[in-house]
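Here the structure comes first, spelled out in structure tokens, and everything after it is commentary.
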Amino acid sequence: MALGEHESTKVKGFKFVLIEECPVKSDEPTDDEIKAYDKWVKADEIARCYIFASMENVLQHQHHSMTTAYDMLESLKEMFEERNHAAKQTDMKEALLSTKMVEGTSVREYVLKMMSLLNELEILGVVIDKESQVEMVL
């Protein structure tokens, strides 16, 4: 569901809860401390509602007990970065295994492409011993 221009502007007013910690009230809080705390708590609640409303039911169930919008976003980042990482590994493995030297291309170009794919897989944490790497290239 896309936000209208008015809602989008409103949401931007709550983003500070994602980068600022909740203000702490002292034992005898001043009016400014109370206002800052109340503003942060209200903005966080609204931000959590926006985030929650934009989630699929399964994600809502997993995140309903999280106490801050920041915690929700960090959890989502962790979940989806991990999935993206695994998907990228799979894609790279498939690319490596399906790459063939095309007739008319130089051996150098083919070997460089294979080395590049192997390097990317290594960066992604895939371990392929040197013998297997040589066999894949050949």
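Annotations for the structure displayed:
- Which listed residue, of 51, 34, is more than 20 Å from residue 77 (Cβ to Cβ), in the same structural domain as residue 75 (by TED's automatic domain parsing) and outside any loop (DSSP other than H, G, I, E, B): 34
- Selection status of residue 101, surrounded by 10 or more Cβ atoms within 10 Å (Cβ to Cβ), out of contact with any helix residue (DSSP H, G or I) (no Cβ under 7 Å at 6 or more places or on another chain) and either small (Gly, Ala, Ser) or at pLDDT below 85 (or both): no
- Where a residue in region 62-87 is over 30 Å from residue 120 (Cβ atoms) and its partner, wherever it lies, is at pLDDT 85 or above and acidic (Asp, Glu), with Cβ under 7 Å and at least six apart: 68/44; 69/44
- Restricting attention to region 1-40, the residues that are acidic (Asp, Glu), surrounded by 12 or more Cβ atoms within 10 Å (Cβ to Cβ) and modelled with pLDDT of 90 or more add up to 2.
- Residue among 41, 111, 137 that alone is under 30 Å from residue 22 (Cα atoms) and β-branched (Val, Ile, Thr): 41
- Only one of 72, 66, 114 that is hydrophobic (A, V, I, L, M, F, W, C), part of a loop (DSSP other than H, G, I, E, B) and either assigned by TED's automatic domain parsing to the domain that holds residue 14 or surrounded by 15 or more Cβ atoms within 10 Å (Cβ to Cβ) (or both): 66
The values are calculated or read from the model by the stated rules, or taken from the named source; none is laboratory data. What you see is a predicted model, and the numbers here were worked out from it, not measured in a lab. Heads up, the Cβs are rebuilt from the backbone with ideal geometry, glycines too, and the neighbour counts pull from every protein chain shown.
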